[in-house]
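The values are calculated or read from the model by the stated rules, or taken from the named source; none is laboratory data. The model shown is predicted, which means the values in this text are computed figures rather than measured ones. Virtual Cβ from ideal backbone geometry, glycine too; neighbours counted across all protein chains shown. To get the accessible areas, we keep the full protein, side chains included, count just its heavy atoms, and leave off ligands, DNA and RNA. Shrake-Rupley method; radii C 1.70, N 1.55, O 1.52, S 1.80 Å.
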Amino acid sequence: ATPAQTTSAITSAFAPLINGDELQGSLAEQLFQVSKLIAERALVGGDRQIFFAQLGGFDTHGAQVLPDNVLEGQHAQLLKQVGDALAAFQRAMTNLGLTEQVTAFTQSDFGRTLAPNDSLGSDHAWGNHHLVIGGAVKGKTTYGRFPELTLGGPDDVGSQPWERHGRWIPSTSVDQYAATLLRWVGADEATLDRVLPNLPRFGSQRSLGFL
């Protein structure tokens, strides 16, 4: 494809997020640029690249939801940005014919408690969920075990009444998550053990199977 055709393919994918020639949302802006870098991957050098984009604001100790509508608020707005930007990015990869060669995934430092606090927010927690998107992904399903949504239940790390907030004990490790992605880009087993030294602690399931 010519540079003009490539630019058109990407711009059309992100068109729903463009208002007055401006992309709406910092994540969309970043993924738009990543799309252009992928399209011109020959200029980047090498046959494998990892691109990083970020969106902050999820540390929602307060105002996570609106007082009169728990489906609206800061958290819902952030997730809409994530969903809209990833959808546009996937459309761009489809337009470029690169869906099988590109996988997008999310990562986070921490999760949030199930129980809200007194400020219409939630506090730091442990287990959470991630999205993996791309033509190589065995999608339309959930990998791992969904927690039992019971405060003080078998998946809540809290034991005393005052600490039962829904800080879920993960059923899947980030090491297994990373190993699955790294194996897809060509890492062998020895490399996985070197870069993920805790991986052997999680038994024989070194791949989650989503790629």
Answer residue from segment 103-114, given it is part of a loop (DSSP other than H, G, I, E, B), in contact (Cβ under 8 Å) with a residue 40 or more places away in the chain and open to solvent by 40 Å² or more (accessible area, probe 1.4 Å) and is farthest from ARG164 (Cα to Cα) among those: GLN107
Residues satisfying the stated conditions in segment 118-145, i.e. more than 17 Å from the chain's Cα centre (by Cα) and open to solvent by 40 Å² or more (accessible area, probe 1.4 Å): ASP118, SER119, LEU120, ASP123, HIS124, ARG145
Failed condition for LYS36, given (1) farther than 24 Å from LEU182 by Cβ; (2) without any contact (Cβ under 8 Å) to a residue 60 or more places away in the chain; (3) in a loop (DSSP other than H, G, I, E, B): (3)
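Residues checked against (1) crowded, with 17+ Cβ neighbours inside 10 Å; (2) farther than 16 Å from GLY144 by Cβ; (3) not basic (Lys, Arg):
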position: GLN160; (1), (2), (3): no, yes, yes
position: GLU163; (1), (2), (3): no, yes, yes
position: VAL174; (1), (2), (3): no, no, yes
position: TYR177; (1), (2), (3): yes, no, yes
position: ARG183; (1), (2), (3): no, yes, no
position: ASP193; (1), (2), (3): no, yes, yes
position: PRO197; (1), (2), (3): no, yes, yes
position: ARG206; (1), (2), (3): yes, no, no
position: PHE210; (1), (2), (3): yes, no, yes
Candidate set: segment 157-176, residues that are in contact (Cβ under 8 Å) with a residue 40 or more places away in the chain, of a type outside the set (Lys, Arg) and in contact with a strand residue (DSSP E or B) (Cβ under 8 Å, 6 or more places away or on another chain); chosen: the one farthest from LEU211 (Cα to Cα): HIS165
Residue count, segment 17-39 (criterion: open to solvent by 70 Å² or more (accessible area, probe 1.4 Å) and within 17 Å of ARG91 (Cα to Cα)): 5
Residues located in segment 54-86, provided they are over 17 Å from the mean Cα position of the chain (by Cα) and surrounded by fewer than 15 Cβ atoms within 10 Å (Cβ to Cβ): HIS61, GLY62, ALA63, LEU66, PRO67, ASP68, ASN69, VAL70, LEU71, GLU72
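Kindly indicate whether GLU100 is out of contact with any Gly (no Cβ under 9 Å at 6 or more places or on another chain), without any contact (Cβ under 8 Å) to a residue 40 or more places away in the chain, open to solvent by 60 Å² or more (accessible area, probe 1.4 Å) and not basic (Lys, Arg).
Values: out of contact with any Gly (no Cβ under 9 Å at 6 or more places or on another chain): no; without any contact (Cβ under 8 Å) to a residue 40 or more places away in the chain: yes; open to solvent by 60 Å² or more (accessible area, probe 1.4 Å): yes; not basic (Lys, Arg): yes.
No; evaluated as a whole, the condition is false for this residue.
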Members of segment 1-29 that are touching an Asp or Glu at 6+ places or on another chain (Cβ under 9 Å) and among the polar types (S, T, N, Q): THR6, GLN24
